[in-house]
1. Give the number of residues within region 15-26 that are assigned to a helix (DSSP H, G or I) and on the phi > 0 side of the Ramachandran plot.
2. So which residues in region 30-44 are free of Cβ contacts under 8 Å to residues at least 24 places away in the same chain and either surrounded by 15 or more Cβ atoms within 10 Å (Cβ to Cβ) or under 13 Å from LYS58 (Cα atoms) (or both)?
3. Looking at (1) of a type in the set (Gly, Ala, Ser); (2) within 12 Å of the chain's Cα centre (by Cα); (3) under 22 Å from ASP20 (Cα atoms), can you tell me which one ALA66 breaks?
4. Give me the residue from region 48-63 that is on the phi < 0 side of the Ramachandran plot and small (Gly, Ala, Ser) and, out of that set, nearest to the chain's Cα centre (by Cα).
5. Could you grab me the full set of residues in region 11-41 that are acidic (Asp, Glu), within 12 Å of CYS55 (Cβ to Cβ) and touching a helix residue (DSSP H, G or I) at 6+ places or on another chain (Cβ under 9 Å)?
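Since every read-out is calculated from the coordinates, none of them should be taken as a lab result. The model shown is predicted, which means the values in this text are computed figures rather than measured ones. Here Cβ is always computed from backbone atoms with ideal geometry, including for glycine, and neighbour counts include all displayed protein chains.
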Amino acid sequence: MARSKKVKVREALECRFCRDKIDYIDYKNVDRLQKLLTQRGKIFSRKRSGNCAGCQRKAQRAIKRARYMGLLPYTT
């Protein structure tokens, strides 16, 4: 029997925010935050999104603020 290879989810070593040298993740930038959410509105994990721990916390905070302000939905 041939074993299937595991698919690498995280390709880049540096997260997208560190690569672009973004210090503050703005909650008003809905297009950027939308890429970190599933279609159902859940936040992708660090492994899936490719963020480092610090940027994942900043992104999570920005998503929650955008949801509170009504810019992003809580669910679909």
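1. Total satisfying the criteria: 0.
2. ARG32, ILE43, PHE44
3. (2)
4. Looking at the filtered set, the residue picked out is SER49.
5. The answer is ASP23, and nothing else.
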